[in-house]
Amino acid sequence: MKSLEAKVVVLGSQGVGKTSVVIRYVGGMFSKAVSPTIGASFFTYKMTLEQYRVKLQVWDTAGQERFRSMAPMYYRKANAAMLMYDITSLESFYDIKDWVKELKKNVDTPIVLCLLGNKSDLDSGRKVSKEDAEEYAASIDALFYETSALKNMGIEDAFLQVSKNLINLYETVPNSGMGGMLGHAQQAPPDIFSSGMTSGDVAAGGMKLTDGGKDSSRSDGNCPC
Amino acid sequence: MATDHREAEQPVNTSDSDFQEDVEFVETNCVPGKCNSAVFDTTDELDDLTLNLANGVIQNHRGTITSLIRKRAKRSNTLKDEEADQDLANSIASEEANSIEQSELSSELSEDENVKNGLEDLSLQDTESVPEESPSVTLIPSSSETDYVNSLEWKQQKKHIFILSESGKPIYSRHGSEDKLVTVMGVMQALVSFVQDDKDNLRSIVAGDHTFVFMNRDHLTFVGVTRGRESTQQMLLQLTYMYNQVISVLTHSTLVRTFKQHRNFDLRRPLSGAEKFFDNLLNLMDVEPGLLLTSVRCLPLDSSVRDIVSQTIVQHAKVKDLVFALIIAQNQLVALVRMKRYYLHPMDLHLIINLINASESFKAAESWTPICLPKFDATGFLQAYVSYLDEECQSCLLLLSVDIEAFYTLSECRAKIKERLDRYNALTAIGNSLQRHSYSVQQCSIGDLRHFLYKARSTAQYTSPELGPPYNTPEQQDRLFGLYHFLHDKVHSVSRPLKLLYHVGKYETLLGWVTQGFELYAVFGPLVTKNVAIHAVNKLLRWIKREEDRLFILSSVTF
Ligand SMILES: Nc1nc2c(ncn2[C@@H]2O[C@H](COP(=O)(O)OP(=O)(O)OP(=O)(O)O)[C@@H](O)[C@H]2O)c(=O)[nH]1
Ligand SMILES: [Mg+2]
């Protein structure tokens, strides 16, 4: 089996739900008491997909203005960017444009873009229509999903499709900048995916295993890159 | 230190401490918690403040990070890929220090004296009297904004802290939304400007039982209003912490550059989300003596365990560009390892503790965040790797580096450190110590001693027992803290510093004692005589000496 390690950065304005979505995906739960991110938090997620062992290194960045100038540190060398807005906030949607501009300017390796409209459970307060977002996503050549961390909607799909596109990118673009670690993975012991509980999982109230061959856990950051 | 002995026997300038000749003082070579190799940067902020006010200069530490980055650049010059990093690092970490238009702190000493004396009179008033509500002074004619300012709830707050820009724009208020305080802050800035027009500086105003203290730094005005026991000096220290917190979020360079470009800039935007750090810092200052004493509290730990912890860090976090590695548990320092020749200042450590204490976010995952430590280098950011080591999220590991790309390396270090600490049961030992809640004053077995603060000056660390009866309610704790402020101010008084102070109050007797080696603030029951108190503190010093290995970090560990 081949192995792929990719860096995913989650960007978007303050409070749109970046951490909630990532914790929902990685930890399998939703906490109302999630607190604003300081700097950036690091999660990993491992799965098996299309003959690949995929390890996502997810950088959940802080939306607060004061960390804005630090963003390049987190999106540099990213293979995928998830751009998140809150469907109840038009401003957060407009902010995406700045992010796209910035990424286009500063990232020279090919990158998978995915636009996420979060808090889709709050449909009554919707300010950004699905159509507008779809149109915009197409214009920047990005995937698009509406998600809800609260109701656990759209998140699995989004990450799955991003991973598929990453594999595709890896196979078609030779210098995609992704951690192609064929040799390393082949030598790795089979239980590589079941590293023990860490504080990340604890905060998420114990980890929830998702189905079939998938397995979420936070790594100890032993990435070979 | 023979001088300690003499200092103590010849208290100067105080009517309070005419000690009899036969009073026996502690063995002079016994300074608990003393250490010859520096553990922390021990410059005392209070001394600094006094000095700065006298000279009209404020020291700014700068360039440390730049030089560290240059070192790194030299080392990695051969690697092409690193160049990009370098640019990024430079742009992020630090820039040529802009020349600073430091608002001059001119010092009209005579006037200051007057204020000071006025304050002393105030603090000498019967200490237990509850301040009466001053007749309601209406600051500004009524409107909805001023209704709020004139509300009892707002006025009755014990301490207000405001930050405003030079142009009078509100930036932060401890109580109430700063939006509603535009007018009040305008008045404050008007007062400040009015005095500045005369090439002078407004330092403090005493109005009834309220003291207003003003501090101008880098286009910002900090105002503290208190009806508590804090002196002007102590309020200045608190305002300095607030200033440092601003710097910690923005860096000094950014702050100065921003205001140079737009005098009217609304600083609330870049500070948005940092309000909780200001709030939390102020709350810490109300309960945590370490900030007042500019010193560090260590988690009581067998020195063998502490050695294991610091040696584990040395062995497994020995990576280039790592400046400080530390473990903090419930606001106490467990271990600190530092790069040779670089020291951590207690004020900076308090900012680090505040960062951890005020944010839940670190409990969710490993984090990587910029932080500026103003005492270390006010002009740039260090990168902090932050991660809890145990499932209960009690012991927090921080690795501070100048390498912005170090995250993955540091994350590996963390894994190894955690594994070793688990194997040696060190995390369990830390957990146990946390559960035991330090120690009770009874353990010192000194009759009638109720509580104390002991600071070892050479190591900038302090120890104190947990708060037991009668100080087991928030009100009583508050009162006790007020007593410490009173005592601390008396012995550090600029105009009349004391070595020793014996003070009989209504509910307790206080003894403050400052030598070159230590500061001791002890609180006894009300009936304790001078002699008994002296004997008691001698005994106490011997007890602390016996426990010093557990209570203090006595040797400095470097990579
Ligand atoms: N109704 C609803 N609320 C959500 C959803 N996702 C997040 N929230 C809430 O939105 C708020 C902000 O969520 P966070 O996950 O902290 O947002 P963030 O983007 O990580 O914020 P920063 O870290 O400050 O940039 C929290 O109160 C969440 O509970 C969602 O799908 N639906
Ligand atoms: Mg977040």
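The values are calculated or read from the model by the stated rules, or taken from the named source; none is laboratory data. These numbers come from a predicted model, not from an experiment. Here Cβ is always computed from backbone atoms with ideal geometry, including for glycine, and neighbour counts include all displayed protein chains. What goes into the accessible areas is simple: the full protein's heavy atoms, side chains included, and nothing from ligands, DNA or RNA. Shrake-Rupley method; radii C 1.70, N 1.55, O 1.52, S 1.80 Å.
Using the Karplus curve 6.51 cos²θ - 1.76 cosθ + 1.60 with θ = phi - 60°, work out ³J(HN,Hα) for each residue of the range B:504-511 in order, rounded to whole Hz, and write x for Gly and Pro.
Result, rounded to whole Hz: 9, x, 6, 10, 8, 10, 10, 10.
Roll a 1.4 angstrom probe over the protein heavy atoms and tell me the percent of accessible area of the range B:296-436 that is carbon or sulfur.
44
Give the lysines reachable from B:LYS506 as a straight Cα distance under 30 Å; neighbours fewer than 8 places away on the same chain don't count.
Answer for B:LYS506, where 30 Å is the Cα cut-off: B:LYS116, B:LYS155, B:LYS158, B:LYS159, B:LYS455, B:LYS490, B:LYS530, B:LYS539, listed by chain and number.
So if R0 is 56 Å, what FRET efficiency would B:GLU475 and A:GLU102 give, r being the distance between their Cβ atoms, rounded to the nearest 0.05?
E between B:GLU475 and A:GLU102, to the nearest 0.05, is 0.60.
Peptide B:382-394: average number of partner chain Cβ atoms within 10 Å per residue?
Per residue, the number of nearby Cβ atoms from other chains is 3 on average.
Can you give the net charge of the other residues whose Cβ lies under 10 Å from the Cβ of A:LEU150, counting K and R as +1 and D and E as -1?
Overall, the nearby charge balance is +3.
Counting only other chains, and only Cβ atoms inside 10 Å, what mean value do you get across the residues of A:12-20?
Shielding by partners across A:12-20 averages 1.
Near the amide H of B:VAL334, under 5 Å away, which other amide H atoms are found, from residues 5 or more places off or on another chain, if H is placed in the peptide plane?
Hits under the 5 Å cutoff: B:LEU299, B:ILE327, B:ILE328, B:ALA329.
Using DSSP to call loops (not H, G, I, E or B), can you name the trypsin sites (Lys or Arg not before Pro) in the range B:481-559 whose Cβ has at most 11 other Cβ atoms within 10 angstrom?
B:LYS506
Starting from the Cα-Cα distance between B:SER440 and B:PHE194, subtract it from 0.36 nm times their residue separation and give me the gain in nm to one decimal.
The span from B:SER440 to B:PHE194 would gain 83.4 nm if fully extended.
Using alpha-carbon positions, what is the distance between the centroids of the range B:179-251 and the range A:92-120, in Å?
Here the two parts' Cα centres lie 43 Å apart.
Between B:ARG263 and A:GLU91, take the C-beta separation as r, use R0 = 22 Å, and let me know the FRET efficiency to the nearest 0.05.
0.25
Which order do B:SER438, B:SER359 take when ranked by solvent-accessible area (1.4 Å probe, heavy atoms of all protein chains), largest first?
Correct descending sequence by accessible area is B:SER438, B:SER359.
With every protein chain left in place and a probe of 1.4 Å, what is the accessible surface of B:LEU267, to the nearest 10 Å²?
Ignoring ligands and nucleic acids, B:LEU267 comes out at about 0 Å².
If r is the Cβ-Cβ distance from A:VAL173 to A:SER69 and R0 is 25 Å, what FRET efficiency results, to the nearest 0.05?
Given R0 = 25 Å and the Cβ-Cβ separation, E is 0.25.
Check cross-link reach from A:LYS55 to the lysines: straight Cα distance under 16 Å, and skip same-chain residues fewer than eight apart.
The qualifying lysines are A:LYS2, A:LYS7, A:LYS46, A:LYS77, A:LYS164, A:LYS214.
Using a 1.4 angstrom probe on the protein heavy atoms only, line up B:ARG217, B:ARG341 by accessible area, largest first.
B:ARG341, B:ARG217
What distance in nm lies between label points placed 7 Å from Cα along the C-beta direction at A:ASP123 and B:GLN315?
Taking the simple label geometry, A:ASP123 and B:GLN315 are separated by 5.9 nm.
Taking amide hydrogens as modeled 1.01 Å from N in the peptide plane, which residues meet the under 5 Å criterion relative to A:THR44, leaving out close sequence neighbours?
Here the answer is A:VAL58, A:SER219, since their amide H atoms fall under 5 Å of that of A:THR44.
Around B:LEU322, with a cut-off of 13 angstrom between Cβ atoms, what is the net charge of the other residues, counting Lys and Arg +1 and Asp and Glu -1?
So the environment of B:LEU322 carries a net charge of +3.
Which of the lysines could a cross-linker bridge to B:LYS363, judged by Cα under 20 Å and excluding same-chain residues fewer than eight apart?
Reachable lysines: A:LYS18, A:LYS32, A:LYS208, B:LYS276, B:LYS416, B:LYS418.
Can you give the average number of partner chain beta-carbon atoms within 10 Å of each beta-carbon in peptide A:38-47, as a whole number?
Counting other chains' Cβ atoms within 10 Å and averaging over A:38-47 gives 6.
Can you list, largest first and rounded to whole Å, the semi-axes you get for the range B:296-436 by taking the square root of 5 times each eigenvalue of its Cα gyration tensor?
22, 16, 15
Quick one: if you stick a label point 7 Å off each Cα along the C-beta vector at B:ASP422 and B:GLU360, how many nm between them?
Here the modelled spin labels are 2.6 nm apart.
Run the numbers for A:GLN161 and A:GLU135: contour at 0.36 nm per residue of separation, minus the present Cα-Cα distance, in nm.
7.5 nm
List, largest first, the extents of the alpha carbons of the range B:205-311 along their principal axes, each in whole Å.
Principal extents (largest minus smallest coordinate, Cα): 55, 39, 20 Å.
For the A and B pair, go ahead and give the buried accessible area with a 1.4 Å probe, both sides summed, in Å² to 100.
3000
Which value in nm describes the separation of the simple spin-label points at B:SER272 and B:VAL182, placed 7 Å from the Cα toward the beta carbon?
Computed distance between label sites B:SER272 and B:VAL182 equals 1.8 nm.
In a shell of Cβ-Cβ distance under 11 Å around B:CYS393, excluding B:CYS393 itself, what net charge do Lys and Arg (+1) and Asp and Glu (-1) give?
Net local charge, B:CYS393 excluded: -3.
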